[in-house]
Amino acid sequence: MAFDDDDIKKVFIAGLGALAGAAILQSHHDEKRKSRAEKNDPDGTKWICELVWDLLDDWEPPDYECEDDYTDDLFRFLKREIGEELEEDDPDVTLEMRTGTLHGIPDILIHDRLVLELKLASKKTERDRLVGQCCEYSRGYVTWAIVMHWPDGRIDKLVDLLEAKSLNYIEVIPYDRVEDD
């Protein structure tokens, strides 16, 4: 399973909040901080975030050596599972991998509303790169950082940094935590 009880607690600490609806969509009150997607289509953005959030709990990737392999696996998983979840009256959902946008090249862009950015290495330089990428993506899209095999302490430092810079609307979703260094 991708999340255990400790992971769920940490995800709440990462800014997901107590209410399910607020947990899935960026929970900032300042209209200026909302992404273009949230401003243009709040209901559609909430719908796609809820759909993907539920699916992420079921993603169980094998162990890979590189970040690109995890991205490819998650992309294939979401493409297959979203297709199965859609009902007859739901809109078609587009998934793009490593596609150019006005805000950079996110790992996965879903329905032009949600970006998933994966990071495997937990080194400070990769953490800083992740923050910069997510900050830029969050201008246009709801943005979630998926961190693979990071130690708890490094996840906490990432969450603290996002909070200190008022970027707590960028969700941090850990998979396969490792013992602290």
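How many residues, within segment 76-102, are in contact (Cβ under 8 Å) with a residue 12 or more places away in the chain, farther than 19 Å from K46 by Cα and over 16 Å from the mean Cα position of the chain (by Cα)?
Residues that pass the stated criteria total 2.
With the checklist (1) modelled with pLDDT of 95 or more; (2) crowded, with 19+ Cβ neighbours inside 10 Å in hand, flag the one item Y169 doesn't pass.
(1) is the only condition that Y169 fails.
Where in segment 35-145 are the strands (runs of 3 or more DSSP E), entirely inside, with at least 1 residues that are under 19 Å from L161 (Cβ atoms)?
Counting at least 1 such residues, we get 114-119.
For the condition open to solvent by 30 Å² or more (accessible area, probe 1.4 Å), in contact with a Gly (Cβ under 7 Å, 6 or more places away or on another chain), touching a residue at least 40 places away in the same chain (Cβ under 8 Å) and of a type in the set (D, E, K, R), what is the one hit in R113, R177?
R113
Tell me which residues, restricted to segment 122-138, are surrounded by 16 or more Cβ atoms within 10 Å (Cβ to Cβ) and either in contact (Cβ under 8 Å) with a residue 40 or more places away in the chain or among the charged types (D, E, K, R) (or both).
Correct list: E126, R127, E136, S138.
Tally time: how many residues in segment 145-166 are open to solvent by 10 Å² or more (accessible area, probe 1.4 Å) and under 24 Å from D73 (Cβ atoms)?
Counting residues in segment 145-166 that are open to solvent by 10 Å² or more (accessible area, probe 1.4 Å) and under 24 Å from D73 (Cβ atoms) gives 3.
Could you give me the residue pairs with C-beta distances under 6 Å whose first residue belongs to segment 61-75 and is at pLDDT below 95, whose second residue is open to solvent by 20 Å² or more (accessible area, probe 1.4 Å) and assigned to a helix (DSSP H, G or I) wherever it lies, and which are 6+ apart or on separate chains?
P61/D73
The values are calculated or read from the model by the stated rules, or taken from the named source; none is laboratory data. Quantities reported herein were computed from a predicted structural model and do not represent experimental measurements. Glycine gets a Cβ as well: all are built from the backbone with ideal geometry, and neighbour counts include every protein chain shown. Accessible surface is based on the protein model in full, side chains and every heavy atom, while ligands, DNA and RNA are left aside. Shrake-Rupley method; radii C 1.70, N 1.55, O 1.52, S 1.80 Å.
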